[in-house]
Amino acid sequence: MEVAIAVVIQKCVFPVLVNSEANTRRIATVESCFGSSGQPLEVPGRVLVGEGVLTKMCRKKPKTRQFFLFNDILVYGNIVINKKKYNKQHIIPLEEVKLESLEDDNRKLCVSERAFSPPGVAVFRNGWLIRTASKSFAVYAATATEKQEWMAHINKCIEDLLRKSGKKAVEEHAAVWVPDGEAPVCMHCKKSQFTLINRRHHCRKCGAVVCGPCSNKRFLLPNQSSKPLRVCLHCYEALTSAAKNHNLAADGTQKGYRNNADSSGEEDSDDDDETNRGQPESHDLVNIFSLFLIARLAIVSL
Ligand SMILES: [Zn+2]
Ligand SMILES: [Zn+2]
């Protein structure tokens, strides 16, 4: 059956759908599911290629997220009510995306990570990285076939976009953050143990989990923020010497920022991990869904 699905999807030639009423209707539905929390998605020439649930590796644990693949953007959000209501919308321009397949990892979730998946289920399989200049993360599909379909379709969209625009693929990508649970001690000094008081920080350059003293420098990473960001001492040295070599005026980036929070407010926050203030996540609801939902790439019906 999944083979049949793949064939059908491949037959969905974009120009056929571009002006179709069905496509417009589908996009309007996605837009309304996000409601006022989302951006307008109806743009001339935009096609909804497919959609489905994927497990996204967030800072603290894997979480189910609804993904929508359009021919020019990848949209994902938090599932509030399945197929009805989503929030925390993220839009990634596909032109900037590079995918990278991940090897299967049969690790089981530890207790603290289980909130969103049935216990004992190995979720780190059928995964790949979605890398962009400003943010990179891992997602996991329910089956190998679904992984292949997602990757093939995303890559096809990227190729088409780059061919049309004549642009080159973005070469520099943000680091994938090492999940908190994978670092009981600082990955830089290898000594500092993390506790409630001794908090974990992420180096914005390499994604490592590091302690405060090992990440007390800031460096300007223009692809990620207009303000200097937290980097580990190792990256700070590398970036500083690279900047000197390139005769760039990198000095001053650490001044005045040393003890300041990032532009993002709560530093090290993973936007997906932040509980929507004033509108708590419905954990029970998400739990129930996660038992039933599999990352199925639904076909956009013509
Ligand atoms: Zn350290
Ligand atoms: Zn680093």
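Rule-based calculations on the coordinates, nothing more; no lab input. Every value quoted in this text rests on a predicted model; they were computed, and no experiment measured them. Neighbour counts run over all protein chains shown; Cβ positions are idealised from the backbone, glycine included.
Restricting to segment 17-57, and then to whatever is over 18 Å from the mean Cα position of the chain (by Cα) and assigned to a strand (DSSP E or B), can you tell me which residue is surrounded by the fewest Cβ atoms within 10 Å (Cβ to Cβ)?
48
Considering segment 58-101 alone, what residues qualify as being more than 27 Å from residue 182 (Cα to Cα) and not in a strand (DSSP E or B)?
Matches in segment 58-101: 71, 72, 82, 83, 84, 94, 95, 96.
Picking from 78, 106, 87, which residue would you name as being among the polar types (S, T, N, Q) and free of Cβ contacts under 8 Å to residues at least 40 places away in the same chain? Explain how you work it out, then say what you get.
Values: 78 fails: free of Cβ contacts under 8 Å to residues at least 40 places away in the same chain; 87 fails: free of Cβ contacts under 8 Å to residues at least 40 places away in the same chain.
Result of the check over 78, 106, 87: 106.
Counting only residues that are under 21 Å from the mean Cα position of the chain (by Cα) and crowded, with 18+ Cβ neighbours inside 10 Å, how many does segment 221-235 have?
So the count comes out to 5.
Could you check segment 188-202 and list, in sequence order, the residues that are farther than 22 Å from residue 134 by Cβ and assigned to a loop (DSSP other than H, G, I, E, B)? Walk me through it before giving the result.
Taking segment 188-202 as the starting set, the residues that turn out to be farther than 22 Å from residue 134 by Cβ are 188-199.
Passing the criteria: 188, 189, 190, 191, 192, 194, 195, 196, 197, 198, 199.
Name the residues in segment 166-202 that are farther than 22 Å from residue 124 by Cβ and touching a residue at least 12 places away in the same chain (Cβ under 8 Å), would you? Lay out the reasoning, then the answer.
Taking segment 166-202 and keeping what is farther than 22 Å from residue 124 by Cβ, we get 166-172, 186, 188-193, 195-199, 201.
Result: 167, 169, 170, 172, 186, 188, 189, 192, 198, 199, 201.
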